[in-house]
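Coordinate-derived values only; no laboratory data. Please read all numbers here as calculations on a predicted model, not as lab measurements. Every residue, glycine as well, gets a Cβ built from its backbone with ideal geometry; the counts of neighbours run over all protein chains shown.
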Amino acid sequence: MTPAKPPNPPQPPAAEPPNSPSPSGAEPSHATSSPGAEPSHATSSPAAEPPNSPSPPGAEPPNSLSERLPFFVYGTLRPGERNHDLFLRGRTRAEEPGRLVGAVLYRGPGYPYAVEDRQGLVHGELVTARPEEYDGLLVALDALEEYAPGDPGNLYERVARDVVRESDGRPVRAWVYLAALSVAQRLRAHGRLIDNGDWRTT
């Protein structure tokens, strides 16, 4: 009689290998996820929006209607000129002499154009509107200058520039209507420059 074979001894369960240690100081990666797990915020979040880029020269800055800046006027809106009483009388809180550095004046058909030029200087007035008149005055002056934001046919562009107040020499941020790019190019090529930058003395 063949002797019975002893039963095979039970095999111990295979030990799971220990987790490999991460490099010293390293955090677990969140770039990938196991099936069923929520995707990592590193890959699922929408790309962050880049900061607002500066407006191109001549373009109206963003949210410009909320910026209640004074106006710098250098032509027919100056005190004593034909459009001053029509548009500004009774609607302003202050009108102070000022100068715009970095622009020159050219003669137009009954009114001047200011064109940006690093070496130039333009004389005019800083006009501060009464708060209750501001919105209506802004619309009225845009219409007078035939300016519409983003319109390629504009003759003028309304831009924010620093204007030096004559009384104390301090710079004041103000709206200025400058010649639009296409107009400025023609004036530089064929325009008649006002050498002293003051339209009232011509």
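Packing, as the average of other Cβ atoms within 10 Å across residues, places the peptides 136-146, 69-79 in the order 69-79, 136-146, highest first.
Set against the 2.2 N^0.38 Å expectation for a compact globular protein, the range 114-202 has a Cα radius of gyration ratio of 1.18. Could you size up the charge dipole of the range 119-202 around its Cα centre, putting +1 on the beta carbon of Lys and Arg and -1 on that of Asp and Glu, and report it in debye to the nearest 20? Taking the Cα centre of the range 119-202 as origin, the dipole is about 380 debye. Mean separation of Cα pairs under 8 Å and 6 or more residues apart, divided by the residue count, gives the range 55-202 a relative contact order of 31 percent. Working from the Cα coordinates of the range 65-105, the gyration tensor eigenvalues give, after taking √(5λ), semi-axes of 18, 16, 9 Å in decreasing order.
Taking the Cα centre of the range 162-202 as reference, the dipole from Cβ charges on Lys and Arg (+1) and Asp and Glu (-1) amounts to some 200 debye. Ranked for footprinting exposure by Cβ neighbours inside 10 Å, fewest first, SER167, SER182 give SER167, SER182. Each of the peptides 109-118, 192-201 was scored by the mean count of other Cβ atoms within 10 Å over its residues; in descending order, highest first, they stand as 109-118, 192-201.
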